[in-house]
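Scroll down for the structure; my scribbles are underneath it.
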Amino acid sequence: MNRKTATEAYALKVSKKQGEKAIRLASRLGLLDKHLGIIKEGDFLFIPLVQKPIPRQAEEFRKSLVDSKTVVQKFTVRTHQPKTALDLAVKSLPSHLVPLFPRSLDLIGEIAVVEVPSELNNYRNLVGEIILKTHKNVRTVLAKSGAVKGVRRLRQYEVIAGQHKTGTVHKEHGCKFFLDIEKVYFSPRLSYEHLRVASQAKEKETVVDMFAGVGPFSILMAKMHKDIKIYAVDVNPDAVRFLEKNVIVNGVLGKVVPILGDIRKVVKERLRGTADRVIMNLPETAIEYVDIASEALKPEGGVLHYYEFTKGPDTLDSAKKHLAEALNEAGRKVHEFSAARIVREVAPFEWQVVLDAIVK
Ligand SMILES: C[S@@+](CC[C@H](N)C(=O)[O-])C[C@H]1O[C@@H](n2cnc3c(N)ncnc32)[C@H](O)[C@@H]1O
């Protein structure tokens, strides 16, 4: 039976918003009391401390956490199992390593993908087990080992906990995507983009998804529109194999036409001048394909959804400049940028951006 006992201890009082940052900082300073449970009260958290912070530590709290205060607080001694991954990390990792515990992970079907910092190398499996324990639907935890590379945009992974598998079924916006993340590109971080772009299409349009992968733009778009034709092209045979399966399981056969091949060849051979809308989701090198996207568009023009990785302060303006110049060279013109947004930060001071361009 669990017995609860109360005790008084020093606590750091912070707003809930700053909770995670405060726990990491208290842990880094060796002040976090792991035997007492954190208390939530209104918009505040009381984080138990092993002792009153010395002036240097108090100064760190003041600098990093707005309106934080050290108070004396009544706590219940922990008798229950810790619930969150961070709770477990606090319990099982050496204190100085807790702040390095991965803050975010990508959930792809039953697989969790994390970036484990090199300082935690000896604890990789422990990190994996913590994630497995705290995420009910996860069966496998993979650590990224290396960057996304090559034409097919793949990276390598290491299984650090759970079942040894890289294949799964991911659900997004009511669609099912069969995929194997070692063989095909997929990012759940683009979920909002998939929806944003798919919802812009109009009935009776012809769309070319130039770098379709397993179909997250094409299939959702087809599900959202009754009368639409989407040519979904990819050069990776594994991606097209999954795409074909996904077209069937999502009931969009005939609306989405999977095509295996290099987009340059495919457009020249069968899609020239057909598209009302072109999706260009290959941010590393999309600029090199603006000429072929222009060729795919109908002579009177259409909409381009153009993704780019951009560095520096004027990200959106510089992406607009690149695209406008490339379109001019291809004999087209930007009539209007109907949208321009930062999709995500991909490295310090480097962003993935998207431009929706109405092209004439
Ligand atoms: C960044 S992934 C995007 C996949 C998909 N749009 C998504 O959101 O998951 C880019 C895809 O483009 C494909 N690709 C790269 N170069 C290509 C080319 N020249 N022709 C056709 N597909 C290409 C890769 O195989 C990869 O699947």
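The numbers here are math on the coordinates, done by the rules we state, and not lab data. Note that the structure is predicted; figures quoted are calculated from it, not measured. FYI the Cβ positions are ideal-geometry reconstructions off the backbone, even for glycines, and counts take in every protein chain you see.
What the table below lists for this structure:
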item: Mean separation of Cα contacts under 8 Å, 6 or more apart, over the residue count of segment 187-359: relative contact order %; result: 18
item: Beta bridges per DSSP with both ends in the chain, % antiparallel, nearest 5; result: 70
item: Zone of Ser15's modelled label, taken as backbone nitrogen in segment 43-61 under 14 Å from a point 7 Å along Cα→Cβ; result: 43-45
item: Zone of Ala58's modelled label, taken as backbone nitrogen in segment 5-39 under 14 Å from a point 7 Å along Cα→Cβ; result: 10-13
item: Extension gain from Arg28 to Val151, taking 0.36 nm per residue of separation minus the Cα-Cα distance; result: 40.2 nm
item: Shape of segment 86-205, Cα gyration tensor, a/c cut at 1.5; result: prolate
item: For Ser218, Ser64, order by how many other beta-carbon atoms lie within 10 Å, fewest first; result: Ser64, Ser218
item: Net +/- balance of residues flanking Thr315 in space, Cβ distance below 14 Å, scoring K and R +1, D and E -1; result: 0
item: Ordering of 243-251, 279-287 by packing [mean C-beta count within 10 Å, highest first]; result: 279-287, 243-251
item: For segment 145-177 versus segment 74-144, the gap between their alpha-carbon centres in whole angstrom; result: 19
item: Cβ-derived FRET efficiency at R0 30 Å, Tyr192 paired with Leu253, nearest 0.05; result: 0.70
item: Distance from segment 302-321 to segment 12-57 (C-alpha centre basis), Å; result: 41
item: Computed [θ] at 222 nm, helices only, for the chain once each DSSP H run of length n ≥ 4 contributes -39500 (n - 2.57); result: -7500 deg cm²/dmol
item: Cα shape, the chain, gyration tensor, a/c 1.5 rule; result: prolate
item: Stretch gain in nm, segment Glu41-Ala339, where the contour uses 0.36 nm per residue and the Cα spacing is subtracted; result: 103.1 nm
item: Separation in nanometres of the label points that stand 7 Å from Cα toward Cβ, at Asp227 and Thr76; result: 6.2
item: Projected label distance in nm at Asp67 and Asn125, using a 7 Å step from Cα toward the beta-carbon; result: 4.6
item: Calculated FRET value between Ser104 and Arg270, using beta carbons and R₀ = 30 Å, to 0.05; result: 0.15
